[in-house]
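Down below is the structure, laid out as structure tokens.
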Amino acid sequence: VVAGFASLPMVFQIDTALWFNTNYVTTEVPPDEDLETFLEVGSWTWNWMEPPLGTISFLLLTLQYARAQMQNLNYKPYTEWMQSRRASSLHARYPQYNQRIIQDFAVTDSYN
């Protein structure tokens, strides 16, 4: 989330874009008349911001797709696996109580 919000000034804000270009990218800076609006700044910075943003977006998309397919195949993604493991552990610790109630509690209780 932080990286997503941090990418906005890196693309559209002239001072941040110039700083990033000076320290990391070192591409030629367009003339001042080509950097008068945030859209013109975005047009210039998009040359170096598009590859990482596009790659990260595609990675997140494929991870979401993989998680959805795991659920379709009835595999448990990490969160459900951890809840199931915690429920089993809690039942093993308190075998004298009803297994179903203990497991339902463990799954619905918050982690903290």
The answer for the chain, counting only DSSP H helices whose Cα atoms cover 27 angstrom or more along the axis and whose Kyte-Doolittle average is -0.5 or greater, is 38-72
What residue among 99, 68, 16 has its Cα farthest toward the positive end of the dipole of the chain, where the charges are +1 on Lys, Arg and -1 on Asp, Glu, each on the Cβ? 99
Springs between alpha-carbon atoms under 10 Å, Gaussian network over the chain: tell me which of 30, 95, 51 tops the mean-square fluctuations. 95
For residue 35, residues with placed amide H under 5 Å, excluding near neighbours: none
Expected max-MSF residue from 18, 60, 73 in the GNM of the chain (alpha carbon, under 10 Å) is 73
In segment 13-73, the GluC sites (Glu not before Pro) that fall in loop regions by DSSP, at most 13 other Cβ within 10 Å: 28, 36
Given the rule -39500 (n - 2.57) for each run of at least 4 DSSP H residues, summed and divided by the residues of the chain, what is its mean residue ellipticity at 222 nm, to the nearest 500 deg cm²/dmol? -23500 deg cm²/dmol
Once you charge only the Cβ atoms, +1 for Lys and Arg and -1 for Asp and Glu, what is the size of the charge dipole of segment 1-65 about its Cα centre, to the nearest 20 debye? 480
On average, how much accessible surface per residue is there in the chain, in Å², for a 1.4 Å probe, leaving out ligands, DNA and RNA? 79
Assuming a ≥ b ≥ c are the square roots of the Cα gyration tensor eigenvalues, decide whether segment 48-101 counts as rounded (a/c under 1.5), prolate (otherwise, with a/b larger than b/c) or oblate. prolate
Taking a point 7 angstrom from the Cα of residue 60 along the C-beta vector, which residues in segment 1-41 have backbone N less than 17 Å away? 1-12
How large is the charge dipole for segment 30-82, taken about the Cα centre, if only the Cβ atoms of Lys, Arg (+1) and Asp, Glu (-1) carry charge, to the nearest 20 debye? 800
Once neighbouring chains are kept in place and the probe is 1.4 Å, which whole percent of the accessible area of the chain is contributed by carbon and sulfur? 60
Inter-label distance, nm, simple model (7 Å from Cα along the C-beta direction), residue 75/residue 23: 4.0
Qualifying chymotrypsin sites (Phe, Trp or Tyr not before Pro) in segment 39-105, DSSP loop, other Cβ atoms within 10 Å at most 13: 75, 97
Evaluate the charge dipole of the chain about its Cα centre and quote only its size in Debye, nearest 20, assuming +1 on the Cβ of each Lys and Arg and -1 on the Cβ of each Asp and Glu. 1480
Three-way shape call for the chain based on the alpha-carbon gyration tensor, with the a/c threshold at 1.5: prolate
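The values are calculated or read from the model by the stated rules, or taken from the named source; none is laboratory data. Because the structure is predicted, anything quoted here is derived from the model rather than measured. Please note: Cβ atoms are built from the backbone with ideal geometry, for glycine as well, and neighbour counts cover all protein chains shown. Quick note on the areas: whole protein, heavy atoms, side chains included, nothing else; ligands and nucleic acids left out. Shrake-Rupley method; radii C 1.70, N 1.55, O 1.52, S 1.80 Å.
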